[in-house]
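The values are calculated or read from the model by the stated rules, or taken from the named source; none is laboratory data. Since this is a predicted model, take the numbers as computed values, not measurements. Positions of Cβ are backbone-derived with ideal geometry, glycine not excepted, and every protein chain shown enters the neighbour counts. Areas reflect the complete protein model, heavy atoms only, side chains present, ligands, DNA and RNA absent. Shrake-Rupley method; radii C 1.70, N 1.55, O 1.52, S 1.80 Å.
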Amino acid sequence: MLARSGLRTARAFGSARTSATRNATRNASTQSEGAASWKNTATLSASTALAIGSCTFYYFQFGRSVHAMTPAEEGLHATAYPWEHEKFFKTFDHAALRRGFQVYREVCASCHSLQRIPWRALVGTMMTVDEAKALAEENEYDTEPNDEGEIEKRPGKLSDYIPSPYKNDEAGRAANNGALPPDLSLITKARHGGCNYIFSLLTGYPEEPPAGAVVQSGLNFNPYFPGTGIAMARVLYDGLVEYEDGTPATTSQMAKDVVEFLNWSAEPEMDERKRMGWKVMAIGSVLFAMSVWVKRYKWSTIKTRHLQYNPPVAPGKMNPRQSRR
Amino acid sequence: MSGVLGGIYNTVIRSNGVFLSAIFVGAFATNLAFDTGSNALWDSINRGRQWKDIKHRYMESEDEE
């Protein structure tokens, strides 16, 4: 045993020596072709430079992001505020919704419609039945045609939708210098940045436009509005409304409340959706854990089995140890 | 352990009728317990935010009028 392993080392050493000598001879032969290697280096460097250069050119030409609009035309990016109601496990603050609806009604409703919200939607979210009924009754709605085909007026009911300030879009444009005040029902979903954008827009009017800014006549400067010239003037000022719950009606408080209200009008199902959502996640994770357990249980026989392979012994080629037995 | 399992087998699973009603009653009971518990947790996370937490203010003020 000892003698055999000694032999093997000697053989390995010998082969190493032969390969070393072979290397030496090859090196000698390349050195003799010095001119060819200089050409190789030059070709390689040139093609590398060409590859890098063409990639750079291509990126410069086609790879850079292009902007169709100037930053002013894009509008200032709205600040991200930590909205409490946007958290995964939080409902709307319904006291804020109530204040926000008051702001909508007393300030925005003279220009903006809220066509998708019926009075009944307010009941049980921010008003009692009687309050909502009283508000609905302040408005007149058309009746169905009577026997003579006349359409009369009747006081509003809970099932009526909140009336719009203008008869139609054209009337809205005519009253606002040609700019249509958009319907606010879905506005938080309809603008990039949602709540953050509308809050920034409402509170972002500077005292006067910065030097150099061009503001068309009839427009107001607001850095958050794409194009910076907006037909809506600043509407919220400290103390504009008087909250019944005693909250100080600062500009930012009113803006925050009305934005939360507009988020509700766009997603009135949010509270229920989040409540269902986390129940589904809870039950779903229990079911998932159970399915993992069942899978492991069913596979346990397969995972723990051992295969044993006994190779057949060819009669002619007995190995020495066996033959000795 | 096997005693407990055997007990369950003998009382609940052996008769098909009992087993089936156990499944139905168990499903209802689990649903009820889960809903009650999770809604309570939800309401405590959102205490003071929901309409039911603030409506007494407006209900009472109407009674006074």
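Points to keep in mind about this one:
- Near pairs, Cβ below 8 angstrom, 6+ apart or cross-chain, from region A:204-224 (in a loop (DSSP other than H, G, I, E, B)) to any residue that is among the polar types (S, T, N, Q) and surrounded by fewer than 17 Cβ atoms within 10 Å (Cβ to Cβ): A:G218/A:N177
- Residue check, B:A27 away from chain A (no Cβ under 14 Å), part of a helix (DSSP H, G or I) and open to solvent by less than 80 Å² (accessible area, probe 1.4 Å): no
- Matching residues in region A:177-189 - criterion: being open to solvent by 40 Å² or more (accessible area, probe 1.4 Å) and in contact (Cβ under 8 Å) with a residue 60 or more places away in the chain: A:P182, A:D183, A:L186, A:K189
- In region A:88-104, of all residues being within 9 Å of chain B (Cβ to nearest Cβ) and basic (K, R), the one that is surrounded by the most Cβ atoms within 10 Å (Cβ to Cβ) corresponds to A:R98.
- Residue among A:R191, A:R154 that alone is over 32 Å from the mean Cα position of the chain (by Cα) and more than 29 Å from A:G246 (Cβ to Cβ): A:R154
- Segments classed as helices (runs of 4 or more DSSP H), wholly inside region A:32-128, with at least 3 members that are over 29 Å from A:F221 (Cα atoms): A:34-58, A:94-106
- Test: A:S265 is among the polar types (S, T, N, Q) and within 19 Å of A:D183 (Cβ to Cβ): yes
- Candidates A:E131, A:E148, filtered to the one that is part of a loop (DSSP other than H, G, I, E, B) and of a type in the set (D, E): A:E148
- Any hit, region A:271-283, residues being under 20 Å from A:P181 (Cα atoms) and either among the β-branched types (V, I, T) or surrounded by fewer than 18 Cβ atoms within 10 Å (Cβ to Cβ) (or both): no
Matching residues to (1) in contact with a helix residue (DSSP H, G or I) (Cβ under 7 Å, 6 or more places away or on another chain); (2) without any contact (Cβ under 8 Å) to a residue 60 or more places away in the chain; (3) within 26 Å of A:R173 (Cβ to Cβ):
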| residue | (1), (2), (3) |
| --- | --- |
| A:T79 | yes, no, no |
| A:H85 | yes, no, no |
| A:F89 | yes, no, no |
| A:R99 | yes, no, no |
| A:Q102 | no, no, no |
| A:V107 | no, no, yes |
| A:V123 | yes, yes, no |
| A:A136 | yes, yes, no |
| A:E140 | no, yes, yes |
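- The residues of region B:32-65 that are more than 8 Å from chain A (Cβ to nearest Cβ), surrounded by 11 or more Cβ atoms within 10 Å (Cβ to Cβ) and at pLDDT below 95 amount to a single one, B:S61.
- Residue selected from region A:129-171 under the condition small (G, A, S) and within 20 Å of A:S185 (Cα to Cα), by the criterion nearest to the other protein chains (Cβ to nearest Cβ): A:A132
- Of all residues in region A:212-257, those being within 17 Å of A:D93 (Cα to Cα) and β-branched (V, I, T) number 1.
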